[in-house]
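A.B. asks: Here's a structure for you.
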Amino acid sequence: MRVTHLFTKTLKNAPADEVAKNAQLLIRAGFVYKEMAGVYAYLPLGKKVLENIIQIIREEMDAVGGNEISLTALQPSAVWEASGRWDDSVLDVWFKTKLANGSELGLAPTHEEPLTKLMKSYIHSYKDLPLYPYQFQIKFRNELRSKSGLMRGREFWMKDLYSFSRTQEEHDAFYEKISLAYDRVFERLGLGDSTFKTFASGGSFAKFSHEFQTISEVGEDIIYLHREKNIAINEEVYTDEVLAELGVSKDELEEVKAVEVGNIFTLGTRFSDPLDLKFTDENGESKPVIMGSYGIGPSRLMGLIAEHFADDKGLVWPENVAPYKAYLVSIGNVAEQANELYEKLQAAGVTVLFDDRDERPGAKFADAELIGLPYRVTISERLIGDGKLEFTPRNGGETELLTLDELLAKIA
Ligand code: ATP
Ligand code: MG
């Protein structure tokens, strides 16, 4: 991509009403556009980051047997009335609207009910199970406060996978398997060291659920952490009884703020009972399907990653998430050689954002730092005679002078 072909421009300032650092940086660097509080559009660079995050999650969900689908945002009220969640006093984040004929609709805040109902058409016998459908979808929630930028949207991206199992044992085995898949997701996103599987409240069908919490000063959750034992406990289940059960004591635990980036939840028959999702087992007996739900927030992750790695100069993307790997800067009268280099880098498999503008070097370097691609490559009149390029890692490494071959050996 050439900067001259990118319609976004970097901005000196974020909108005055934007208080979250992640959104301020992402808006200034041209990754997102703020429509209103908690509602952001994804621009070319931001769309690529979101897609990179989604693709990592997709690969890990497919690896544990996921079937990707896409459910509808428009929801008729009946199925939610059946589960008891249509009432605003039960589920307080609904956006509701009406059809022209007056019947009520909601914009899906989650998808347990419609998917359970849909599965009645496909699950009949034990031979049809287990199943693991999942999707990436925009969810709508009328969140009371939305001051954390992309981390708490009123419309936001969610990956939601649901498990449909025959027995509790089959459910438990999958629950462990997807928990490991979540570890791999956060590892690949560069958050492995700061993300902890955390005991949280379990609802009616399990003692605990598990949240994946990333330590962050701007987190809205409090967790208690034992780093050596790799145990984390959400404050909502931080009781003497739970501490005893987990074999830890208060004085060994660190209190930290964290952001919930994902969760895994045993649903039991919470939805299969009211919506009557049953299967016939090997003995011809009719039984309710055992369910679980497994969420991750790709747009919350984008905000978190932006905020987590940023420095005083701008964004610093981990390689697996960055929209492009290299930011190519040309200085002076080297247009032809810069074009050639742009082609060569791409031919070697390096994705490149090429700053081909007629701008001062200082302005190009400042944008390179704000946008935060992993590597800056500079081709200049001064060094071209020696066959050298300037190579500058964004994450604080020293600038080196390299030949093209040396450069490719490092990043291709
Ligand atoms: P929170 O406690 O932060 O409100 P939640 O318990 O409501 O989260 P779920 O309904 O389980 O979250 O959603 C699954 C995942 O979707 C969460 O783990 C989080 O990563 C993401 N998520 C939830 N709400 C939002 C939001 N308003 N904006 C962005 N991401 C969200
Ligand atoms: Mg919530």
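The values are calculated or read from the model by the stated rules, or taken from the named source; none is laboratory data. Here the structure is a predicted model, which is why all the values come from computation and not from measurement. Positions of Cβ are backbone-derived with ideal geometry, glycine not excepted, and every protein chain shown enters the neighbour counts. Surface areas here come from the heavy atoms of the whole protein model, side chains and all, with no ligands, DNA or RNA. Shrake-Rupley method; radii C 1.70, N 1.55, O 1.52, S 1.80 Å.
A.B. asks: Between Leu301, Leu275, which is touching a strand residue (DSSP E or B) at 6+ places or on another chain (Cβ under 6 Å), under 27 Å from Lys177 (Cβ atoms) and aliphatic (A, V, I, L, M)?
C.D. replies: Leu301
A.B. asks: Please identify the pairs in which a residue from the stretch 322-333 that is more than 19 Å from Lys344 (Cα to Cα) has its Cβ atom under 9 Å from the Cβ atom of a residue that is open to solvent by 20 Å² or more (accessible area, probe 1.4 Å) and aliphatic (A, V, I, L, M), counting only partners at least 6 apart or on another chain.
C.D. replies: So the pair list comes out as Gly332/Ile384.
Okay, residues lined up against (1) open to solvent by less than 60 Å² (accessible area, probe 1.4 Å); (2) at negative phi; (3) in contact with a Ser or Thr (Cβ under 8 Å, 6 or more places away or on another chain):
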position	(1), (2), (3)
Val218	no, yes, yes
Val242	yes, yes, no
Ala258	yes, yes, yes
Ile264	yes, yes, yes
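A.B. asks: Same structure, new question: Show the residue pairs that are 6+ apart or on different chains and have beta-carbon atoms under 9 Å apart, the first residue being within the stretch 121-145 and within 22 Å of Lys278 (Cβ to Cβ) and hydroxyl-bearing (Ser, Thr, Tyr), the second being within 16 Å of ligand 1 (Cβ to nearest atom) and in a strand (DSSP E or B).
C.D. replies: Short answer, once both residue conditions are applied: Tyr132/Leu161; Tyr132/Tyr162; Tyr132/Ser163; Tyr132/Tyr294.
A.B. asks: Please determine whether any residue of the stretch 79-96 is more than 21 Å from the chain's Cα centre (by Cα), within 30 Å of Glu285 (Cβ to Cβ) and within 16 Å of ligand 2 (Cβ to nearest atom).
C.D. replies: Taking every residue of the stretch 79-96 in turn, at least one turns out to be more than 21 Å from the chain's Cα centre (by Cα), within 30 Å of Glu285 (Cβ to Cβ) and within 16 Å of ligand 2 (Cβ to nearest atom).
A.B. asks: What residue, among those in the stretch 141-171 that are touching a Phe, Trp or Tyr at 6+ places or on another chain (Cβ under 8 Å) and open to solvent by 40 Å² or more (accessible area, probe 1.4 Å), is nearest to Arg227 (Cα to Cα)?
C.D. replies: The qualifying residue nearest to Arg227 (Cα to Cα) is Trp157.
A.B. asks: Is it the case, given these coordinates, that Phe174 is open to solvent by less than 20 Å² (accessible area, probe 1.4 Å) and either more than 16 Å from Phe309 (Cα to Cα) or within 13 Å of ligand 1 (Cβ to nearest atom) (or both)?
C.D. replies: Numbers: open to solvent by less than 20 Å² (accessible area, probe 1.4 Å): yes; either more than 16 Å from Phe309 (Cα to Cα) or within 13 Å of ligand 1 (Cβ to nearest atom) (or both): yes.
So Phe174 fits the description; yes.
A.B. asks: Somewhere in the stretch 250-264, is a residue away from ligand 2 (no atom under 16 Å from the Cβ), within 29 Å of Trp80 (Cα to Cα) and either hydroxyl-bearing (Ser, Thr, Tyr) or at pLDDT 95 or above (or both)?
C.D. replies: Checked against the condition, which is being away from ligand 2 (no atom under 16 Å from the Cβ), within 29 Å of Trp80 (Cα to Cα) and either hydroxyl-bearing (Ser, Thr, Tyr) or at pLDDT 95 or above (or both), the stretch 250-264 yields no hits at all.
A.B. asks: Another one. Which residues, taken from the stretch 123-160, are in contact with a Ser or Thr (Cβ under 6 Å, 6 or more places away or on another chain) and more than 16 Å from ligand 2 (Cβ to nearest atom)?
C.D. replies: Across the stretch 123-160, the qualifying residues are Ser125, Pro130, Tyr132, Gln135.
A.B. asks: Test Lys278 against the criterion of being in contact with a helix residue (DSSP H, G or I) (Cβ under 9 Å, 6 or more places away or on another chain), basic (Lys, Arg) and away from ligand 2 (no atom under 16 Å from the Cβ), and give yes or no.
C.D. replies: In short, no.
A.B. asks: Still on this structure, please answer the following. Does the stretch 291-299 include one or more residues that are more than 16 Å from ligand 2 (Cβ to nearest atom) and closer than 30 Å to Val79 by Cβ?
C.D. replies: Yes, the stretch 291-299 contains a residue that is more than 16 Å from ligand 2 (Cβ to nearest atom) and closer than 30 Å to Val79 by Cβ.
A.B. asks: Given Leu345, Leu328, Leu370, Leu341, which one is under 30 Å from Arg152 (Cβ atoms) and among the aliphatic types (A, V, I, L, M)?
C.D. replies: Every option except Leu370 fails the conditions.
A.B. asks: Here's something else I'd like to know. In the stretch 29-40, what count of residues is obtained for those that are touching a Gly at 6+ places or on another chain (Cβ under 8 Å) and open to solvent by 10 Å² or more (accessible area, probe 1.4 Å)?
C.D. replies: Summing the residues that are touching a Gly at 6+ places or on another chain (Cβ under 8 Å) and open to solvent by 10 Å² or more (accessible area, probe 1.4 Å) in the stretch 29-40 gives 2.
A.B. asks: Looking at the structure I just gave you, is Leu246 more than 21 Å from Thr214 (Cβ to Cβ) and open to solvent by less than 60 Å² (accessible area, probe 1.4 Å)?
C.D. replies: Here the answer is no, as Leu246 does not meet what is asked.
A.B. asks: From the set of residues in the stretch 111-139 that are among the basic types (Lys, Arg) and over 30 Å from Lys47 (Cα atoms), which is least open to solvent (accessible area, probe 1.4 Å)?
C.D. replies: Lys120
A.B. asks: Looking at the stretch 132-149, which of its residues are closer than 19 Å to Glu220 by Cα and either near ligand 1 (Cβ under 7 Å from one of its atoms) or more than 15 Å from the chain's Cα centre (by Cα) (or both)?
C.D. replies: If the condition is that a residue be closer than 19 Å to Glu220 by Cα and either near ligand 1 (Cβ under 7 Å from one of its atoms) or more than 15 Å from the chain's Cα centre (by Cα) (or both), then Arg141, Asn142, Glu143, Leu144, Arg145, Ser146, Lys147 are the ones that fit.
A.B. asks: With within 21 Å of Phe156 (Cβ to Cβ), assigned by TED's automatic domain parsing to the domain that holds Phe164 and without any contact (Cβ under 8 Å) to a residue 40 or more places away in the chain as the only criterion, which of Asp251, Asp221 stands out?
C.D. replies: The match here is Asp221.
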